[in-house]
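The values are calculated or read from the model by the stated rules, or taken from the named source; none is laboratory data. Worth saying up front: this structure is predicted, and the values here are computed from it rather than measured. Ideal geometry is used to build each Cβ from the backbone, glycine not excepted, and the neighbour counts take in all protein chains shown. Heads up: the accessible areas ignore ligands, DNA and RNA and are worked out on the full protein's heavy atoms, side chains in. Shrake-Rupley method; radii C 1.70, N 1.55, O 1.52, S 1.80 Å.
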Amino acid sequence: MNKDEQELRKKSPIQIKNKKASFEYFFVDTFTAGIVLTGTEIKSIRLGKASLVDTFCYINNGEIWVKGMNVSPYFYGSFSNHEAKRDRKLLLRKREIQKLLEETKNPGFTIVPTLVFIDDHGRAKMDIALARGKKEYDKRQTLKEKEDRREMDRAMKRY
């Protein structure tokens, strides 16, 4: 991910994060994918009515899909409203999908969605990560580092 892409994500008005993913996994590699959505789904995402809790990605017939992503039904959508927890297709290049497929064959690796944002053209994008699960002691270490950072910030604010 280059500096321009990072600034684009910071500028995005909508940033739906999977906060638990960084606690549960080590991120080995990250990709940005487009999401295939219906009309009412993109409207709900632009309102921030989506969640990445308990989501994961899988590869089926050379296509990558996200499962468990909750996009709340659009308030003004009538009969054409969408299903909240349907599987949604992600758009990646074939070689990126092939790389993810090869890596997920190794034990302990999975594909985890980390962020949903709106790009400068108004399209919904998803950051996904090739991730390796953390052990219990790794999670304790992560919590300790987080607490240490918080303590250092408090100490800096006092002075």
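So if R0 is 22 Å, what FRET efficiency would HIS121 and VAL36 give, r being the distance between their Cβ atoms, rounded to the nearest 0.05? Intermediate values should be presented prior to the final figure.
Numbers: r = 16 Å, r/R0 = 0.71.
Here the calculated transfer efficiency is 0.90.
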I'm spelling it out carefully: the read-out is Rg and Dmax of the Cα atoms in Å, the candidates are (1) 14.0, 42; (2) 17.9, 51; (3) 17.5, 59, and one was derived from this structure. Which label? (3)
Share of segment 57-127's accessible area from carbon and sulfur, percent, 1.4 Å? 49
Longest principal axis of the chain (C-alpha) makes with the long axis of helix 136-158 (C-alpha) an angle, in degrees to the nearest 10, of 70
Residues ARG46 and GLN98, FRET efficiency given R0 of 25 Å [Cβ-Cβ distance, rounded to 0.05]: 0.20
Between ARG140 and PHE79, what is the label-point separation in nm under the 7 Å Cα-to-beta-carbon projection? 6.0
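Go ahead and estimate [θ] at 222 nm for the chain from helices alone: -39,500 (n - 2.57) per DSSP H run with n ≥ 4, summed, over the residue count, rounded to 500. Please list the in-between numbers first.
Details: 5 runs with 57 residues, N = 159.
When only DSSP H runs of four or more count, the value is -11000 deg cm²/dmol.
Report relative contact order for the chain in percent, whole number only (criteria: Cα-Cα under 8 Å, sequence separation at least 6). Mind dumping the intermediate values first?
On the way: 269 pairs, mean separation 48.2, N = 159.
Worked out over the chain, it gives 30 percent.
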